[in-house]
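What follows is one structure encoded as structure tokens, with my remarks underneath.
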Amino acid sequence: MEEKKKKNNNLEEENSNEKKVFTEEEKINLFIQMTNSKVSLTKICETLNIKEYEALGLKKIAKDKGYNIVTNQTDKDIIFYNQGEIKDVEDKMIVFNTDENNNFKFIAVSNPLLGNKAQQLSIIKDVYKQAKSMGINTIFLCGNLTAGTYKMNDENYDSLFISDQEGQVDYFIENYPREEGITTYFITGPKDNKGKISVGTRIEEARPDMVYLGAGNAEVKIDDAVMKIMSSKQKKTYTTSYRSEKKVKSLRSEDKPDILLYGCLNQADHVYLRESDTYTIPSLCATTKEMESQDGANTVGALIFDVNIKKPELEKKKKSRKYRDNKKTKRTESIKLTTIPYYKTDKNDYKNVNIIDKTKKIILPNEVNDELGKERAKKYFNYIKNGKSIDEFKNKFHMNDSELFGIVELCNMYGLYVSVIRNNKNEMVFEKGLPKNLKFEKPYLNSNDIVVREFLVVADNHLCNIHQQLGICYELYEEAKIRGIEIALNGGDVVDGNYKNRPSYPKQTFYEGFDDQTEYVIRNYPYFPGITTKVISGNHDKTHDFNDGATVLKWVAKERKDIEYVGIDRADLDIDGIRIRLDHPGDGSADALSYASQKSLERINAGSKPNIYITAHYHKWYEMLYNNVFAYSAPCLCGQTNFEMTHKLRTMVGGFFLKVYINKKTGAIEYIESDPRIYEENEWIDEAGLELDEIIQKRKKLIKNKVA
Ligand SMILES: [Fe+2]
Ligand SMILES: [Fe+2]
């Protein structure tokens, strides 16, 4: 106790001995004047008769007044100057080349928001470690690197632990993870572009592992495929797919990229529209105060892309043959998407000093050397208590604002985290960061703790409809066999059924009755030993129940031991400790792709929430990560029917593969890979009245023509 008192007295003396020549206001004005041209820290201290750390405080106050003052460390001194205008970034078009198999792998992330208390450096660090373990060396960061600034009276002001943009940029440069061999290509987002400094240019200059592509948006190429990267200035909407759908629809066809990465929306989904794949990129931070007030869930994670580009030779030949169509040709062959979800975040992660590799080293010139600065920071830091008013501190040590902020800066530079916040009584108080030991490390993809399960998902065969595409279904099963898949899921509408209330119906089907349709399925549904198909019924299958009281799939399952009938309209399947819900709703198609799935997911009680939710019936491919559930809308296996044509419903034909990586210990899905196979209209064939053998022959001919 006695000793502590002595210590404090020493600190008091240290300050009171200082001769105060200028008032605080005079000091700030002089400081701003001096920094109009380059000036050294030594010179500033001599002129203003202040200590070095106080100059750091002056810099902060000047910055808050809108002066863009930056520092440059030289061998012996620190140079201060007013940088003024923002530098423009030069136009770059970077081309990434695919490997010998025409593949290119990368990770996309967004919204780290460093400087906000919701930041999750541990998660970001884990993503970079995962990238390294998978041999991925390219990461696209789609904006909002920094938390951005708020005015002092803004309700979000105290959600920041670094309130000024320059401090945030310095913090980013120092702490954003780096892994050897990995390059991060980034655009800035609305939060980065709020202030007067060029966040992108500064980061690029200081970090050799980071390449600045542009403010707000940029374009790169993967071979000759165009990938656009954008950050959204607009807020997210309730309907997850709304922003992406709108963005694709608004682009003219010649501006439409093959791939669009859309950042800063704090959500994860994938829309395939007009031959363009649009992905919204999840965030890398916890839910901020601002997100909370804007409602809508924040999805945390990273996306791994494995893009396969079409071979140019094949493309040329196609154009010269009958495969030419007037639409722009799609340049990507397939895109596998692996999602790394982070279900939990830690609100104290920003206080976690263990994740900081090294504290920032500053060299103060003259009599105050590095060690002395550190000693001084430590002494004050020990005195600072959580929630203690800054006025009390200022009185105790006879300090003015610039000295106080100088001390705060000094502490933070040495990794002693402290900030000044406004408490609920509107007083300015200290908030101290305490080291914590929470980690977000995931087991690697190939770790022993992971069990991998792969599925084929198909739906809406509408067999016996004249537009059926059983040949495509067969091709998907063929690939499933090669992949070693044991379980296929079918979401219903296996047969087209018989709508007696639709007069045109007999013209749409080549078999109408229960017997004929059931037997057609038994004879022709793809059969591959080792693959079991779990199927639910859909509204079309059920027409026979209504007409004749006979259940098609029940009879199919009796004759075909590889087909399991698991439910009417819906089934929950528990496989390897995870729950998959198959759903076949009966309603009409909503305008937005995600709407129906979001509504269904919100109706499920938290306790019975599935890990994976698959909905059939809409005949459209869509995927998203919503409230920690992986949701998929399955494409169909039937070309556009008359009903769809008259109701202007878009149809997507195909199926998808799902590879699920399950943590044996926790039962959680650590990674999930989706691989959609969408077949364009020129890849469909006329199968009306044909049996499977004939269909396979016909498709083989089509493929031969395509390559020849
Ligand atoms: Fe259907
Ligand atoms: Fe349906």
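The values are calculated or read from the model by the stated rules, or taken from the named source; none is laboratory data. Quantities reported herein were computed from a predicted structural model and do not represent experimental measurements. Reconstructed Cβ throughout: ideal geometry from the backbone, glycine too, with neighbour counts over all protein chains shown.
When residues in segment 215-266 are screened for being aliphatic (A, V, I, L, M), surrounded by 23 or more Cβ atoms within 10 Å (Cβ to Cβ) and over 27 Å from N102 (Cα atoms), 1 of them pass.
Of all residues in segment 442-479, those satisfying the criterion of being within 16 Å of ligand 1 (Cβ to nearest atom), in contact with a helix residue (DSSP H, G or I) (Cβ under 7 Å, 6 or more places away or on another chain) and aliphatic (A, V, I, L, M) are V458, L463, I466, L470.
K388 satisfies every condition listed in (1) charged (D, E, K, R); (2) in contact with a Lys or Arg (Cβ under 7 Å, 6 or more places away or on another chain); (3) at pLDDT 85 or above except (2). Of all residues in segment 60-79, those satisfying the criterion of being in a loop (DSSP other than H, G, I, E, B) and not β-branched (V, I, T) are K65, G66, Y67, N68, D75, K76, D77.
Scan segment 499-524 for residues that are buried (at least 22 other Cβ atoms within 10 Å of the Cβ) and within 16 Å of ligand 1 (Cβ to nearest atom) and the total you get is 3. Taking segment 267-283 as the range and being in a loop (DSSP other than H, G, I, E, B) and touching a Ser or Thr at 6+ places or on another chain (Cβ under 7 Å) as the test, the residues that pass are Q267, I281, P282.
Pick from G689, G667, G655: which is touching a residue at least 12 places away in the same chain (Cβ under 8 Å), assigned by TED's automatic domain parsing to the domain that holds Y622 and surrounded by 21 or more Cβ atoms within 10 Å (Cβ to Cβ)? Only one candidate qualifies: G655. Looking only at residues in segment 593-604 that are crowded, with 20+ Cβ neighbours inside 10 Å and part of a loop (DSSP other than H, G, I, E, B), the one that is farthest from ligand 2 (Cβ to nearest atom) is S594. Hey, any hits in segment 122-129 for a residue that's touching a Ser or Thr at 6+ places or on another chain (Cβ under 8 Å) and either among the basic types (K, R) or crowded, with 16+ Cβ neighbours inside 10 Å (or both)? Yes, segment 122-129 has at least one match.
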